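Before any comments, here is the structure.
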Amino acid sequence: MPGNYNSGKRIQIPGGILPVPIPYRVLALVQERNYLFQYPIERLARDIKAAGFSCEQCGECCTQHVTRDIFLLDRDVTELEQIDPDSLEPAPHPEFCDQHGTLYTSGYSIRMKGKNPGTCWFLDKNRCRIYDRRCSICRIYPYMLRRMRDPGGKFRWRRVSRPGKHGHCHCDIPDEECRTLAREVKEYENAFLTQQISFLETIQEYFTRHSLVHDHSKYLKGLLRISRGSPVTVRVYDAGELVEYPRNTRVSPGRS
């Protein structure tokens with residue numbers, strides 16, 4: 001049964017940009033992961049201490065004012081299935097579409113509720129209802145470790161997301177807490193890259209096995225249907241499998 005998701009959300013529809021071949025994308029992600037391994041923990045800990053972010057419990061980071069979507073690692077999906085399966089939806093911006101019109105995305109996001117802006121499914125009166133069991137990205141926010149191109153085309157490490165937009169900065173964070181955060185940030189970024197690599201490798205194997213090809217025209221039409229809130233067929237990368245959404249139960253690795 002086709003899944004209906006992202007109803008009413010505005011998404012950017014690329015025009016005429018063909019995807020980079022999967023082997024090149026996998027190679028780039030593997031290289032990115034190697035760069036991540038080489039980044040010194042102590043350096044990141046110093047950056048975290050210098051930023052000195054302290055949450056002021058405004059709830060802004062849980063809204064689309066700040067966060068367009070909250071991407072989930074596999075371990076987060078396992079946790080949220082126990083808490084509230086209805087909180088899960090396919091991550092926006094699917095990356096592939098086969099010749100039959102099925103879209104494929106690399107994981108789940110937390111469902112957003114309401115509009116202008118949408119808010120996290122678990123946000124209630126500016127408080128997180130599952131704070132003690134919150135997701136990986138929420139635990140490390142606003143810290144990150146991503147290489148991004150600057151306006152001059154050079155790669156630079158970005159370590160803090162949206163500095164100064166909310167919360168208090170330049171607070172005194174204990175050194176040990178900074179080191180713990182630095183380890184958690186690197187662990188999250190490694191898990192994220194590993195999940196993306198596995199998704200691409202799974203797509204390549206799945207498309208080959210089922211004689212599928214990426215159809216860019218149908219891809220654009222599928223994104224347009226999403227933006228209009230129309231039903232689409234989507235498969236989500238879920239614990240090593242491409243599972244059609246909505247699904248009754250999660251498919252574990254190795255199960256067919």
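Of all residues being assigned to a helix (DSSP H, G or I) and of a type in the set (S, T, N, Q) in segment 211-228, which is surrounded by the most Cβ atoms within 10 Å (Cβ to Cβ)? Just the residue, please. Taking the candidates together, the pick is 227.
Among the residues of segment 89-101, are any in contact with a Lys or Arg (Cβ under 7 Å, 6 or more places away or on another chain), surrounded by 14 or more Cβ atoms within 10 Å (Cβ to Cβ) and of a type in the set (D, E, K, R)? Yes, segment 89-101 contains a residue that is in contact with a Lys or Arg (Cβ under 7 Å, 6 or more places away or on another chain), surrounded by 14 or more Cβ atoms within 10 Å (Cβ to Cβ) and of a type in the set (D, E, K, R). Quickly run through segment 73-120 and pick out the residues that are among the acidic types (Asp, Glu), under 17 Å from residue 238 (Cα atoms) and touching a strand residue (DSSP E or B) at 6+ places or on another chain (Cβ under 9 Å). Once the filter is applied, which keeps residues that are among the acidic types (Asp, Glu), under 17 Å from residue 238 (Cα atoms) and touching a strand residue (DSSP E or B) at 6+ places or on another chain (Cβ under 9 Å), segment 73-120 yields 74, 76, 81, 89, 95. Taking segment 230-256 as the range and being farther than 16 Å from residue 80 by Cβ and at pLDDT 85 or above as the test, the residues that pass are 230, 231, 232, 233, 234, 235, 240, 241, 242, 244. Can you find even one residue in segment 28-38 that is touching a residue at least 24 places away in the same chain (Cβ under 8 Å) and within 29 Å of residue 121 (Cα to Cα)? No, there is no match, as no residue in segment 28-38 is touching a residue at least 24 places away in the same chain (Cβ under 8 Å) and within 29 Å of residue 121 (Cα to Cα). The listed residues are 202, 208, and the only one of them that is exposed (fewer than 13 other Cβ atoms within 10 Å of the Cβ), outside any strand (DSSP E or B), of a type outside the set (A, V, I, L, M) and modelled with pLDDT of 95 or more turns out to be 208.
The values are calculated or read from the model by the stated rules, or taken from the named source; none is laboratory data. Being a predicted model, the structure only gives us computed values, none of them experimental. Note that each Cβ is placed from the backbone with ideal geometry, even for glycine, and that neighbours are counted across all protein chains shown.
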